[in-house]
1. Using amide H atoms built 1.01 Å from N in the peptide plane, name the residues 5+ places from D38, or on other chains, whose amide H lies under 5 Å from its own.
2. Could you tell me the accessible area of V1 in Å² (1.4 Å probe, neighbours in place), rounded to the nearest ten?
3. Can you give the relative contact order of the range 83-169 as a percent, counting alpha carbon pairs under 8 Å and 6+ residues apart?
4. Using the Cα centre as the reference, give the magnitude of the dipole from point charges on the C-beta atoms of the range 1-89 (Lys, Arg: +1; Asp, Glu: -1; all else neutral), rounded to the nearest 20 debye.
5. Could you give the dipole magnitude of the chain about its Cα centre, charging the beta-carbon of Lys and Arg +1 and that of Asp and Glu -1, in debye to the nearest 20?
6. Got a number for the accessible area of D34? Probe 1.4 Å, square angstrom, nearest 10.
7. Per residue, what accessible area does the range 79-179 have, given a 1.4 Å probe and all protein chains present, in Å²?
8. Using amide H atoms built 1.01 Å from N in the peptide plane, name the residues 5+ places from L67, or on other chains, whose amide H lies under 5 Å from its own.
Amino acid sequence: VLDLATGAVIRTINTGASSNNGLSGARTFDEDKDGDVDYVFAGDFNGNVWRFNLSSSNPASWGFTRLFTATDAGGTAQPITGGITLGRDEDFNLWVFFGTGSYLTSGDPSSAAVQTWYGLQDSATTITGRAQLRQRKIVVTTTLSGVKVRAFEKAVAGDMVGRKGWYIDLVEPPNPPGT
């Protein structure tokens, strides 16, 4: 964490994640609206979504939580190389949105690995896996005015009870692998 005015290092936070890793574009959040960053969210190449808590005025008290590890249906970690988006729902719960995938190494363009779009409720505790999320599906794909479009299944009242978010595997119906 750097002081923007001086460039001085305020604090280095090491998650202990493995080598050959790196953070995606980070997203900051000012929960108390005082102009200071309270939380930072970022993904990494190993599929981890990190929540850095910078809310204390004492940098020595800053810490982090692994909010989630994105994996495909077979349990293989999904890289997060794009940025994270944050939003609030009607109850003012904070949500973390991101997609998986990589286009950074030589094998990426030919990869047929299924990638996923996630929406996670930020509860400051680790979401242990897909079983805690509601799966959503792409139910139809078509072309509209020369542009490929998709439609998602409708949510059903109450289907998110006990869930900490949702995910959509980016596959076309009838869901062949790697599409």
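The values are calculated or read from the model by the stated rules, or taken from the named source; none is laboratory data. All values reported here derive from a predicted model rather than from experimental measurement. As a convention, Cβ positions derive from the backbone with ideal geometry for all residues, glycine included, and neighbour counts pool all protein chains shown. For the accessible areas, the whole protein counts, side chains as well, though only heavy atoms, and no ligand, DNA or RNA atoms are used. Shrake-Rupley method; radii C 1.70, N 1.55, O 1.52, S 1.80 Å.
1. F29, D30, E31
2. For V1, solvent-accessible area is about 70 Å².
3. Once divided by the residue count of the range 83-169, the mean separation gives 28 percent.
4. So the dipole magnitude of the range 1-89 works out to roughly 240 debye.
5. Approximately 540 debye in magnitude.
6. Per-residue accessible area (D34): approximately 80 Å².
7. 60 Å²
8. Amide H neighbours of L67, under 5 Å, 5+ apart: V49, W50, R51.
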